Amino acid sequence: MPTTVRTHLRPAIVLTLLLCVLTGFVYPGIVTGLAQLLFPWQAHGSLVTTNGRVVGSALIGQPFTKPEYFHPRPSAAGAGYDATASAGSNKGPTDRKLADTLVVGAVATAVEEDGAVRGHVPSDMATSSASGLDPDISPANAELQVGRVARARRVPADSIRAILGRHTAGRQFGFFGEPRVNVLLLNLALDSLVPGPPRGSP
């Protein structure tokens with residue numbers, strides 16, 4: 001092997017191994033250690049527990065279909081909120097199938113179940129997010145569901161609205177994003193503060 005090649009090959013191999021150690025072990029180790037130290041709940045997946053049992057993650061939506069619960073936005077991930085098939089519908093705003101098969105059905109459900117008015121349905125009540133796993137809904141979406149939840153739980157709507165107000169988060173740092181409501185956390189709060197309908201009730 002010529003001397004010139006050996007002269008360039010050795011430092012190239014050394015630098016490659018050094019970068020592998022730095023970027024593959026040292027840097028991830030430091031980031032992981034800091035995350036565990038400073039943000040332990042987030043570092044472990046923002047898991048939500050009830051009575052010592054994990055019931056979900058605050059970062060991943062899950063389906064709620066019973067009338068006594070707030071419902072999440074529609075999901076195109078697999079059969080719905082399937083974390084192994086995270087995706088949107090891949091249908092654009094001009095796609096007739098999006099309007100005919102997804103949006104129209106979601107709007108009809110909102111009108112029937114929540115008394116929404118056609119033409120005034122919040123967008124997140126009729127369309128899925130890009131990931132299909134959005135854990136949040138808009139305050140407008142949640143407000144439309146208050147009446148149904150109150151009737152199902154047989155309590156005044158103002159009681160449900162008060163719980164909703166306590167679980168409505170504002171914009172991050174005051175200007176990032178939009179106000180939002182985490183559906184899982186809200187429904188868990190409902191179960192702990194307002195009893196559901198008796199078993200066997202209509």
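The values are calculated or read from the model by the stated rules, or taken from the named source; none is laboratory data. As the structure is a computational prediction, the values presented were derived from the model and not from experiment. Quick reminder, even Gly has a Cβ in these numbers, built from the backbone with ideal geometry, and neighbours come from all protein chains shown. Calculation scope for accessible area: heavy atoms of the full protein, side chains included, ligands and nucleic acids excluded. Shrake-Rupley method; radii C 1.70, N 1.55, O 1.52, S 1.80 Å.
Worth pointing out:
- Helices (runs of 4 or more DSSP H) fully within the stretch 84-202 that include at least 1 residues being open to solvent by 50 Å² or more (accessible area, probe 1.4 Å), modelled with pLDDT under 90 and more than 19 Å from residue 64 (Cβ to Cβ): 104-114, 123-126.
- Any chance residue 64 is in contact (Cβ under 8 Å) with a residue 24 or more places away in the chain and touching a Leu at 6+ places or on another chain (Cβ under 6 Å): no
- You will find that of 54, 26, the residue that is open to solvent by 70 Å² or more (accessible area, probe 1.4 Å) and either at pLDDT 90 or above or in a loop (DSSP other than H, G, I, E, B) (or both) is 54 and no other.
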